[in-house]
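The values are calculated or read from the model by the stated rules, or taken from the named source; none is laboratory data. Being a predicted model, the structure only gives us computed values, none of them experimental. Note that we place each Cβ from the backbone using ideal geometry, even for glycine, and neighbour counts take in every protein chain shown.
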Amino acid sequence: MTRPEMSTRNPTPKRIQPSIKHEAVNPRDYLKYNLPWACEDCSHYNFENDNCSFGCHVKWHKKEYQKHAYELSGRMALCRFQEID
């Protein structure tokens, strides 16, 4: 079933969603260094409201998810805005 009225309209442009890049982390570095790699390590994370001051989604950067993702794939979703306290 075709809709002729849809072809005459201008299509709505799709919004570009920022993707989360999971980067490989060397296991030796993961075990040797105390790397800040989660929201809970960052000064932009608000513990009371469980959110980021930049408005980033914290679900993918919290320790629980990060540790699980690293154990499965050896990769982590590192935040570009992280500031260490």
Pairs, first in contact (Cβ under 8 Å) with a residue 12 or more places away in the chain and more than 15 Å from Glu83 (Cβ to Cβ) in the range 44-60, second among the small types (Gly, Ala, Ser) and surrounded by 11 or more Cβ atoms within 10 Å (Cβ to Cβ), C-beta under 7 Å, six or more apart: Trp60/Ala77
Confirm whether Gly74 is surrounded by 12 or more Cβ atoms within 10 Å (Cβ to Cβ) and at positive phi. yes
Checking Glu40 against (1) outside any helix (DSSP H, G or I); (2) modelled with pLDDT of 90 or more, which test does it fail? (1)
Going through the range 58-68 one residue at a time, which ones are loosely packed, with under 12 Cβ neighbours inside 10 Å and either within 15 Å of Asp41 (Cα to Cα) or under 9 Å from the mean Cα position of the chain (by Cα) (or both)? Glu64
Return the total of residues in the range 21-43 being acidic (Asp, Glu) and loosely packed, with under 14 Cβ neighbours inside 10 Å. 2
Scanning the range 44-57 residue by residue, the ones that are surrounded by 15 or more Cβ atoms within 10 Å (Cβ to Cβ) and assigned to a loop (DSSP other than H, G, I, E, B) total 2
